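Following: one structure in structure tokens, then a few remarks.
The values are calculated or read from the model by the stated rules, or taken from the named source; none is laboratory data. What you see is a predicted model; the values in this text were computed from it and never measured. Note: ideal-geometry Cβ built from the backbone for every residue, glycine included; neighbour counts use all protein chains shown. Protein only, heavy atoms only, side chains kept; ligands, DNA and RNA dropped before computing areas. Shrake-Rupley method; radii C 1.70, N 1.55, O 1.52, S 1.80 Å.
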Amino acid sequence: MNTGVFSKRYAKALLDFAVKNGNEEQVYNEVITLAGSFSNVPGLRKTVDNPVLAKNIKLDLLSEAAGGKNISEELKRFFMLVLDAKREKFLQFMAWSFIDQYRESKSILIGKLTTAVANQGLINYLEEMAGKKTRSHVEIKSEVDPSILGGFIMELDGYRLDASIAAQLKKVRQQFVEKNRRIV
């Protein structure tokens with residue numbers, strides 16, 4: 001049984017259903033919350049997979065994990081479809097597949113920015129510039145790492161730009177060692 005095939009098909013069905021009802025953005029946000037719940041609460045997946053629990057308890061648990069009792073009707077119906085088909089063990093993979101498919105359909109790129117100090121202005125500037133270059137909506141997640149000493153490291157769509165002071169110092173050191181090795 002191929003987990004990826006099931007996950008992609010169910011995710012595609014949810015995306016198509018949400019688009020048809022014009023509620024894809026709310027469903028996307030709820031699925032992101034659900035995926036975060038799976039990551040942050042390790043016992044959630046085991047609990048949802050438990051065959052002893054009744055469907056209505058699982059539905060309440062999944063609804064709470066997706067953001068509370070007031071989740072969209074599309075997501076509730078999706079949960080019921082998954083629970084009726086006894087495919088709940090694939091739900092985490094379905095959530096990830098849905099997020100990927102939604103981002104692809106809306107041309108959303110996710111990037112990571114590592115800086116030595118927090119700098120919201122740089123994040124906004126890089127989101128705007130990367131968005132213009134890629135003709136996509138760019139969302140950058142920021143991380144602070146003082147060990148890079150200054151500058152930044154930007155990762156976007158499989159590319160990495162290391163403009164950190166630590167990397168430049170390492171490069172200078174390597175050049176110095178290489179040049180002095182020839183002299184001796």
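How large a share of the accessible area of the stretch 101-149, in percent, is made up of carbon and sulfur atoms when the probe is 1.4 Å and the other protein chains stay in place?
51 percent
How much solvent-accessible surface does K112 expose, in Å² to the nearest 10, with a 1.4 Å probe and all protein chains in place?
K112 has an accessible surface of roughly 80 Å² with all protein chains in place.
For n ≥ 4 DSSP H runs only, could you compute -39500 (n - 2.57) per run for the chain, divide by its residues and tell me the 222 nm figure to the nearest 500?
After summing the helix terms and dividing by residue count, I get -20000 deg cm²/dmol.
Could you work out the local net charge near K141, counting Lys and Arg as +1, Asp and Glu as -1, over the other residues with Cβ closer than 15 Å to its Cβ?
Once positives and negatives cancel, what remains is -3.
How far, in degrees from 0 to 90, does helix 24-40 lean away from the longest principal axis of the Cα atoms of the chain, to the nearest 10?
80 degrees
How many angstrom lie between the Cα centre of the stretch 1-48 and the Cα centre of the stretch 108-184?
Here the answer is 32 Å between Cα centres.
Report the calculated FRET efficiency for L149 and D60 (r = Cβ-Cβ distance, R0 = 45 Å), to the nearest 0.05.
0.35
How large are Rg and Dmax for the stretch 3-96 when calculated on the C-alpha trace, in angstrom?
Here Rg and the maximum Cα pair distance are 12.1, 36 Å.
Angle between the Cα long axis of helix 91-105 and the longest principal axis of the chain, 0 to 90 degrees, nearest 10?
Once rounded, the angle reads 60 degrees.
Sticking with the crude label model, points 7 Å out along Cα→Cβ, report the distance from L122 to R181 in nm, one decimal please.
Going from the L122 label point to the R181 one covers 3.1 nm.
In percent, how large is the relative contact order of the stretch 1-93, given Cα pairs closer than 8 Å and 6 or more residues apart?
39 percent
If you average 1/r over all unlike Cα pairs in the stretch 59-184 and invert the result, what Kirkwood radius do you get in angstrom?
So the Kirkwood estimate lands at 18.3 Å.
Residues of the chain: accessible area per residue at 1.4 Å, in Å²?
Using a 1.4 Å probe on heavy atoms only, each residue of the chain averages 64 Å².
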